[in-house]
Amino acid sequence: MKSRINRRGRISVLDKIVDVKKREVAEKKRSRPIKLSDVEESHGVRDFESSLTRPGVSIIAEIKRKSPSAGQINTSSDPISIALKYEESGADAISILTDESFFGGRDEFVSMVREKSSLPILRKEFIIDEYQILESRLIYADGILLIARILTQGQLKSFIAIAHSLGLSSLVEIHSKEDLDAALSADAKIIGINNRDLDTLKIDLGHSIRMKELIPEDRIVVSESGIRSSDDIKLLRSAGFDAVLVGEVLMSSKNMAKKLRSFKKICLQ
């Protein structure tokens, strides 16, 4: 991945995250090596992909404590209690940020939630190395996020194949036409359109809708980021999205269960 300069002449937040991630992964590989045999002897996985193809629009409810764009959101939150509220309120799957430096997550949040919740879990991480895919399987994730922009075409295709061989679903995140071309060339089955421009951090649901029109009908399409209101859900439902990923608005809500139930009601209309 080449570092990109944003419109203010600065290195983008995404590039900074990837630089830190490279160092973190190198240290993990040195201190906690993982063999394929470790994974092959592991547990079974839940069907994340099927959770996105139910009647109506599926909701992936996200556990996110903080972010570079929003700052502190809910840093004292207990991931287990949040996951159970999500499940009780109609979520179809759960997304968990495991990056600690920028998002306040932890790897162990995945296994903690998996033990108490029956929903499939997406590990939302900045995956740049095969090691992290094996790690995702070991910490009880059912699906992984792959960001097209930070991977080469070869890596994206290889990582999808590796994940599939381990029973994991891959949600390939895109923002641009270039990203979409890479995702389609890698035969991505689940494509997530990020409504947030990763250079400027601005949100534009209209861009997401325009990008969706370019995606073949046989793919599962998810709208991600910046979904804050019932009107946003209605707009994305009418545009034909299969699922939405909602996090910040739930995590910052005084009554996340009520908020999620209101979204789910619209998704099922």
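Residue order for 264, 29, fewest other beta carbons within 10 angstrom first, comes to 29, 264. Checking the cross-link pairs 212/259; 22/234; 35/116 against a 29 Å limit on the alpha carbon distance flags 22/234 as lying beyond it. Each Lys and Arg adds +1 at its Cβ and each Asp and Glu adds -1 at its Cβ; summed about the Cα centre, the chain shows a dipole of about 900 debye. Look at 115, 173 and count the other Cβ atoms within 10 Å of each Cβ; fewest to most, that gives 115, 173. Residues 159, 48 in ascending order of nearby Cβ atoms (within 10 Å, fewest first): 159, 48. Relative contact order, whole percent, for segment 62-220 stands at 14, derived from Cα pairs under 8 Å and 6 or more residues apart. Each DSSP beta bridge with both residues in segment 52-179 is either parallel or antiparallel, and the antiparallel ones are about 10%. Beta-bridge orientation, segment 34-267: approximately 10 percent antiparallel, per DSSP, counting only bridges with both partners inside. Loop-located GluC sites (Glu not before Pro) in segment 183-248 (DSSP state other than H, G, I, E, B) with a sparse environment of at most 14 neighbouring Cβ atoms within 10 Å: 213, 217. Each residue of segment 189-194 was assigned a 3J(HN,Hα) from its phi angle through the Karplus expression (A = 6.51, B = -1.76, C = 1.60, θ = phi - 60°), giving 8, 10, 10, x, 9, 7 Hz with x at Gly and Pro. Summarising the amide proton neighbourhood of residue 173: residues at separation of 5 or more, or on other chains, whose placed amide H is nearer than 5 Å comprise 146, 147, 148, 192.
Which one of 105, 172, 251 is farthest out on the positive end of the charge dipole of the chain, using unit charges on Cβ (Lys, Arg +1; Asp, Glu -1) and the Cα centre as origin? My answer, from the dipole projection, is 251. Across segment 91-107, computed HN-Hα scalar couplings (Karplus, 6.51 cos²θ - 1.76 cosθ + 1.60, θ = phi - 60°) run 4, 9, 7, 10, 10, 10, 6, 9, 5, 8, 4, 10, 10, x, x, 8, 4 Hz from first to last residue, x flagging Gly and Pro.
Across the chain, the relative contact order, built from alpha-carbon pairs under 8 Å that are at least six residues apart, equals 21 percent.
Judged by the gyration tensor of its Cα atoms, with axes a ≥ b ≥ c, the chain is rounded; a/c sits under the 1.5 cut.
Among the listed pairs 66/189; 64/157; 124/202; 124/177; 177/265, which are separated by more than 24 Å between their Cα atoms? Pairs exceeding 24 Å: 66/189; 64/157; 177/265.
Each value in this text was obtained by applying a stated rule to the coordinates, not by laboratory testing. As the structure is a computational prediction, the values presented were derived from the model and not from experiment. Here the Cβ is made from the backbone with ideal geometry for all residues, glycine too, and neighbour counts use every protein chain on show.
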